[in-house]
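The values are calculated or read from the model by the stated rules, or taken from the named source; none is laboratory data. It should be emphasised that the depicted structure is a prediction, and the values quoted were computed from it without experimental measurement. Positions of Cβ are generated from backbone atoms using ideal geometry, with glycine treated the same way; all protein chains shown enter the neighbour counts.
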Amino acid sequence: MTSPLQISPRETMVMALNAVWAHKFRSGLTILGIVIGITTVVTVASLLTGLRQGIVDFFQEFGPDNIFVARVSGDPSGQNARPKELKRKPIRPEYAAYLKSVVRSIEDVGTSLFILPLPGSVPIAKVPGFESDNFFIAGATPNLYDISPRELQQGRIFTSDEAGRAQRVALLGSGIAEALFPAGDGLGRSLFVDGGEYTVVGIFAPAKGGFFGENGLDRQIVIPLQTARLRYPQSTNFFLTAKARPGLRADAIEEIRGALRKLRHTPRNEEDDFTISTADSIIENFDRITGMIVLISIAISGLGLLVGGIGVMNIMLVSVTERTREIGVRKAIGARRRDIVLQFLSEAVTLTGAGGLIGIIFSILATLLLSVLFPSLRSEVPAWAVITGFSVSVAVGVFFGVWPAVTASRLDPVDALRYE
């Protein structure tokens, strides 16, 4: 049973809540920095978590055993590549047959060609009544879809015979197919792409994942590689996809690197003049970039938490001064120093904990609002961000509330009772 001269933890918490509620406006201003800091961190974490999951889903479609070879790093089309990488010799489609013959740890190699429009030109894809310039063209070998299977909504992949004879057939991503054939009747129809006529033999299902909620594969028009080379002889952005034998991906990477260095006559003391990547390595690079973003957001929110913490300490010191007589009365009737410390520390934690909860609520609402405004942008509120945000807000209250609480506990009861 609790002694009448002591205060139970429940009573201490009730007194702390009453003290905070008695000065609502002041308390609200005090925790504003806490709210801003926690809202920033949790919102950024939510957006990055959703974005990362979209990217993971995107690259999982390419297969865990696949190895990608390109002239430059990043976007295989070569856009936004580093100037040093743009000076490299192009990857040649003939490399695919060479690698398949000399690298024993791979099963097959597919080839893609990313076609960039000529400067000043805007390619148009059109059918009677509809047209679009929101697409890009790629050439591919049929075996690419054996290496990296994609679900078809309608039709089929073009055959090796069609590809070998450079026939004008096309596969459409779901997005461009919907733009040109909103009635869903595109299969077998003809369309004009950049001045050339093609027959639609297949339409892909919507691709999974993507960057910022968008998957570029949904806007892709794929034609046979030989057709693309004839139509766009100036394009040299070839991209190889090699499928490693199960359990031999690491060996395959090293064998491909050695074979390409030999084929391209790369000097022994120079770095690779090509880029080899896997889905895992691309995701790791993304994690490094987002890690920097998280650190920056933590630094920004840290300033808010610091300002909020200083505000809490200041308001608690003011509260100690305002309630000097109350402290003296409590000490006079037997309250111990630790009771006084616990009361004022509880008030500080209540302030910052409330700020953390409000910040978490704001961040959840902001995430939901973004999901409504931009449905394609995935955003998820991770549990670790919520738990960390609240824990940090409570820790700020403990850290910045200790000094005012200790100051209150050290007041002499006689002097405190005389205070006016």
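If I ask for residues that are of a type outside the set (A, V, I, L, M), closer than 15 Å to A228 by Cβ and surrounded by 15 or more Cβ atoms within 10 Å (Cβ to Cβ), which ones from region 163-195 would you list? If the condition is that a residue be of a type outside the set (A, V, I, L, M), closer than 15 Å to A228 by Cβ and surrounded by 15 or more Cβ atoms within 10 Å (Cβ to Cβ), then Q167, R168, D194 are the ones that fit.
Of the numbered criteria (1) farther than 22 Å from A70 by Cβ; (2) crowded, with 17+ Cβ neighbours inside 10 Å; (3) of a type in the set (V, I, T), the one V222 fails is (1).
Restricting attention to region 82-107, the residues that are assigned to a helix (DSSP H, G or I) and not hydrophobic (A, V, I, L, M, F, W, C) add up to 8. Taken together, the criteria place V201 among residues that are within 20 Å of G164 (Cα to Cα), among the aliphatic types (A, V, I, L, M) and buried (at least 19 other Cβ atoms within 10 Å of the Cβ). Given the criteria out of contact with any strand residue (DSSP E or B) (no Cβ under 9 Å at 6 or more places or on another chain), surrounded by 15 or more Cβ atoms within 10 Å (Cβ to Cβ) and either under 23 Å from V307 (Cβ atoms) or not small (G, A, S) (or both), does I387 qualify? So I387 does not fit the description; no. L191 falls short on exactly one of the conditions (1) assigned to a strand (DSSP E or B); (2) under 29 Å from N66 (Cβ atoms); (3) among the aliphatic types (A, V, I, L, M), and that condition is (2). Taken together, the criteria exclude F181 from residues that are of a type in the set (F, W, Y), modelled with pLDDT of 90 or more and over 34 Å from the mean Cα position of the chain (by Cα).
The sole residue among I38, I115, I106, I55 that is modelled with pLDDT of 70 or more, closer than 26 Å to V307 by Cβ, surrounded by 15 or more Cβ atoms within 10 Å (Cβ to Cβ) and not hydroxyl-bearing (S, T, Y) is I38.
For region 360-384, the candidate set comprises residues that are part of a helix (DSSP H, G or I), β-branched (V, I, T) and touching a helix residue (DSSP H, G or I) at 6+ places or on another chain (Cβ under 6 Å); within that set, the residue that is surrounded by the most Cβ atoms within 10 Å (Cβ to Cβ) is I360. What residue, among those in region 114-171 that are of a type in the set (D, E) and more than 16 Å from I203 (Cβ to Cβ), is farthest from the chain's Cα centre (by Cα)? In this case the residue turns out to be D161.
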